[in-house]
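Worksheet for the structure shown next.
The values are calculated or read from the model by the stated rules, or taken from the named source; none is laboratory data. Keep in mind that what you see is a predicted model, and the values were worked out from it rather than measured. Cβ placement follows ideal geometry from the backbone for every residue including glycine, while neighbour counts extend to all protein chains displayed. Only protein heavy atoms, including side chains, enter the accessible area calculation; ligands, DNA and RNA are left aside. Shrake-Rupley method; radii C 1.70, N 1.55, O 1.52, S 1.80 Å.
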Amino acid sequence: MALPLHSQPVVIPFSFSSPRPRNSSSNSILYNASLTQSLRLSCAAQPPPFSSSVTVHADNLSDSAAIAFVIRARNRIGLLQVITRVFKVLNLRVEKATVEFEDDCFTKTFYVTDSHGKRIADGKSLDMIRKALMDSIDDGTGAPEVKVRPTGRGVVVRRVGLGSGAKTERMLGLMDRFLKNDPASLQKDILDHVEYTVARSRFSFDDFEAYQALAHSVRDRLIERCHDTQIYLKMKDPKRIYFLSLEYLMGRSLSNSVINLGVRDQYAEALSQLGFEFEVVAEQEGDAALGNGGLARLSACQMDSLATLDYPAWGYGLRYQYGLFRQVILDGYQHEQPDYWLNFGNPWEIERIHVTYPVKFYGTVEEVDFNGGKQKVWVPGETVEAVAYDNPIPGYGTRNTITLRLWAAKPSDQNNMESYNTGDYINAVVDRQRAETISSVLYPDDRSYQGKELRLKQQYFFVSASLQDIIRRYKDTHNNFDDFPDKVALQLNDTQPSLVIAELMRVLVDEENLVWSKAWDIVCKVFSFTTHTVSRDNLEKVPVDLLGSLLPRHLQIIYDINFKFIDDLKKKIGTDYDRLSRMSVVEEGAVKSIRMANLSIVCAHTVNGVSRVHWELLKTRIFKDFYELWPHKFHYKTNGVTQRRWIVVSNPNLCSLISKWLGTEAWIREVDLLAGLREHAADAELYREWKTVRMVNKMRLAEYIEAMSGIKVNVNAMFDVQIKRIHEYKRQFLNILGIIHRYDCIKNMEKNDRRKVVPRVCIIGGKAAPGYEIAKKVIKLCHAVASKINNDPDVGDLLKLVFIPDYNVSVAELVIPGADLSQHISTAGHEASGTGIMKFLMNGCLLLATADGSTVEIMEELGAENMFLFGAKLHEVPVLREKGQNLKVPLQFARVVRMVRDGYFGFQEHFKSLCDSVESGNDFYLVGYDFESYLEAQAAADKAFVDEEKWCRMSILSTAGSARFSSDRTMEEYAEKTWGIKPCRCPF
């Protein structure tokens, strides 16, 4: 439809003091075209802008409260709707507008006031409005394009951009609005999904079916935003960060998604009118079992922050069919069961069956003639398909929604066809099972050769599929690799994705035919590496024989990388063969291996530690040789966690209280505002409300403990919590020995003295690795001690010990807000950062900790007087270990260990090796040495807890000091100092 030409301006009255429907129309020239569809046209269908480009400027009118925004651009369908949509989203009123046409261009003038009809006087606000208009109007794209590309399965996909004319208008008319978020519309969406997605009658469905329908309704809105985000990013073509991690501990998605989308209350009202409670429905969701521990949860927090801060980002990982095992406790012993987390489906993922890539294994490497020379060609022996499953990650306070793309392994159609054509049906089935095994389980047991091979297969499968996807996206808009480092940043989350370095070199050299030097220059500019290890002994190594069998071409490339690196290194340091040997990517020895960390350091432009203490360890111990060679490469960005998950979602009462006292909810996105709580830290009214919130959380946790274990606990007691992976260096054994000491003291007290004891509920939770016998014995000891204490009438409510089984993100969201005291007691020098401590800190929990990992920086932020610190310092640990058997331990320690060894808690023989691990010079983790100062710190905590006002003030200051430990700050540092990316916010 052509726009009419007028000799006089067309005057269009507007008033947006109340929101308008997206498809409303007040004039024949105002088309039913959404901002989303206009952007899609910008990307795919419109001609390039006229030579003078788009212009937007603001004129102050002296005789009016309105500001005149004058916009000149090439006309296109729906553009007027785009502009008015921007004003509406910015909560501005358009009093009137004029339109003048000149050929296929226009000049539009909008007379705008703020939402109250007043003048916009702030120059910064005017610049922001002008920029939003420019971002939404300026397209810079060409004519419709048709792209044809082969998929991994040989299927040709034809993609056609939207054209013009009747077809375009028809499509825009069918897709002219965002999904509505009022309760009535949400109810209809939920019931439609009950009927058509869950396939249940809308007149009869239960809580779980309500959850499924609700989740699909939320997912619809996530998909809408995700598509808009990708369209806008494609139009702007910014540099993107691709985050490569084999683990993401996402937890539940429903509550986090509706809060980030800003529709939590609307959904709660919609469900209430249908006879359901939002909290009950949300509990139907299981945890996504895609990771284990701090590194995996860190990745999830970082994805949330990248989305919220509007960074152009993609996350990549594996879609494990079975995640980390479910922990079942029988008679106090840990048993592992598969976690069938996908049994009931995953409504949050989107299967992209058209996004598949071939991933190759085994085979041989041949040389062929190419351009007068020789070129290596990998002839694989096995091929599997990587199928994409997308998980939208919404940002808070923005429409930006990024994608976590997970890969699942499927058999190659080519292999299957060969088997079927020869009548070998059994082999076809076996091939399918072998292929799907690659993405079946998190952490395959790598104590056998087969386990190591599967782990390596997982790593390469993950990076190969991800890199193919990254390069495909880059080549959509670029015809060579000259701009690759300016458009692509690849982040290695520890060493598991390190094979992507060799894979990128292989693709550039073997498939894209770049010369080695140019390919190497690109590789060294795109990779950054974050390591989480604290010991050289724990660095990942891959046997050369295994790598050569599974990935023969990659082994050649790694050898070539190492040869050139060592050759250059000799020129710098001479023939110091010991140092050359330490720095080599290839480790000679009984088992010749590839050092994946060394490979990552050699190729990355930046090597990041995850706390200042960790950075010092990297420089002085773990990678000392590399630091002396390349000090400019080594940096640190202290880890953080997202306040949206760990306050807003998990502790809504505290969230409301913080917003009330700060006078704003802006802290949820601008976390530095939390420091404003310090101004109220002495306010008696805040004390009262703060204690009320904490008591409600403790009561909720107490109810969970009783339902889970049958143990009724005293909510007025101190809730003392240690929840994390069970490991010797995390020293749960020290905690249990301290509990035994407290129990022993109570037993030996006079009844009158017991009245002075501060009652405690000691809570321990965490999983032990299946093959880690000492850790499993710690769990059994915890249950044996709990059985004795919890059933002793002399103790009563003065002391309880509770083990929480199958600890996961959802359990943490319940336990952390209810904790009074949290223990982070690793031996100094063994915790790279520690993100668990930050979650407790945000929730106002007081910390009992060693000076390890990020605790040192937390101490600087809070002040040592607001924490309970103990134990050997980092520089003291090596000296103490050298003393070995000559190291003196306190009598209290000897007594409690003797109680365990002598069978006071039963299972005498079973606990013998556990006692041996901390006696007779075997106390590597200094449990005995730190025991006395540990008891002193516990006594200090008791004393502070009795003083309710002091404890409450320390709790408030803990939350106020947590802003520095938000993953938002971490991601901003990475973006600015490592990746070189900038925010790219959708302007609608």
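Details
- The lone exception for Asp390 - which of (1) modelled with pLDDT of 95 or more; (2) over 35 Å from the mean Cα position of the chain (by Cα) it fails: (2)
- Single match in Asp672, Asp683 (criterion: over 32 Å from the mean Cα position of the chain (by Cα) and of a type in the set (D, E, K, R)): Asp683
- Some residue of the stretch 951-968 being assigned to a helix (DSSP H, G or I), under 26 Å from Thr827 (Cα atoms) and without any contact (Cβ under 8 Å) to a residue 40 or more places away in the chain: no
- Number of positions in the stretch 870-927 that are aromatic (Phe, Trp, Tyr) and open to solvent by less than 30 Å² (accessible area, probe 1.4 Å): 4
- For the stretch 74-88, filtered to residues that are open to solvent by 30 Å² or more (accessible area, probe 1.4 Å) and either in a helix (DSSP H, G or I) or among the charged types (D, E, K, R) (or both), the residue that is farthest from Cys986 (Cα to Cα) is Arg74.
- Selected residue [part of a loop (DSSP other than H, G, I, E, B) and on the phi < 0 side of the Ramachandran plot] from Glu857, Glu813, Glu919: Glu919
- Exclusive hit being among the polar types (S, T, N, Q), farther than 20 Å from Leu841 by Cβ and in a helix (DSSP H, G or I), set Thr692, Thr664: Thr692
- Restricting the stretch 534-554 to residues that are open to solvent by less than 30 Å² (accessible area, probe 1.4 Å) and either basic (Lys, Arg) or free of Cβ contacts under 8 Å to residues at least 12 places away in the same chain (or both), the residue that is nearest to Val523 (Cα to Cα): Arg553
- Answer residue from the stretch 745-768, given it is part of a loop (DSSP other than H, G, I, E, B) and open to solvent by less than 50 Å² (accessible area, probe 1.4 Å) and is farthest from Tyr704 (Cα to Cα) among those: Val757
- Here Gly844, Gly834 are screened, and the one residue that is in contact (Cβ under 8 Å) with a residue 60 or more places away in the chain, open to solvent by 10 Å² or more (accessible area, probe 1.4 Å) and at positive phi is Gly834.
- Which listed residue, of Glu936, Glu932, Glu949, Glu973, is surrounded by fewer than 18 Cβ atoms within 10 Å (Cβ to Cβ) and closer than 21 Å to Gly834 by Cα: Glu973
- Some residue of the stretch 320-329 being touching a residue at least 40 places away in the same chain (Cβ under 8 Å) and on the phi > 0 side of the Ramachandran plot: no
- Residue identified as among the small types (Gly, Ala, Ser), more than 21 Å from Val896 (Cβ to Cβ) and in contact with a strand residue (DSSP E or B) (Cβ under 7 Å, 6 or more places away or on another chain) among Ala786, Ala812: Ala812
- Single residue of the stretch 347-378 satisfying the filter (in a loop (DSSP other than H, G, I, E, B) and modelled with pLDDT of 95 or more) that is most open to solvent (accessible area, probe 1.4 Å): Tyr362
- Within the stretch 622-656, tally of residues that are open to solvent by 20 Å² or more (accessible area, probe 1.4 Å) and in contact (Cβ under 8 Å) with a residue 40 or more places away in the chain: 5
- On the stretch given as the stretch 94-128, residues that are open to solvent by 30 Å² or more (accessible area, probe 1.4 Å), of a type in the set (Phe, Trp, Tyr) and touching a strand residue (DSSP E or B) at 6+ places or on another chain (Cβ under 7 Å) total 1.
- On inspection, Lys800 does not qualify as part of a helix (DSSP H, G or I) and among the basic types (Lys, Arg).
- Among the conditions (1) open to solvent by 50 Å² or more (accessible area, probe 1.4 Å); (2) part of a strand (DSSP E or B); (3) at pLDDT 75 or above, the only one that Asn91 does not satisfy is (2).
- Only one of the listed residues (Lys475, Lys487, Lys525) is open to solvent by 10 Å² or more (accessible area, probe 1.4 Å), in contact with a His (Cβ under 8 Å, 6 or more places away or on another chain) and closer than 24 Å to Leu406 by Cβ. That residue is Lys487.
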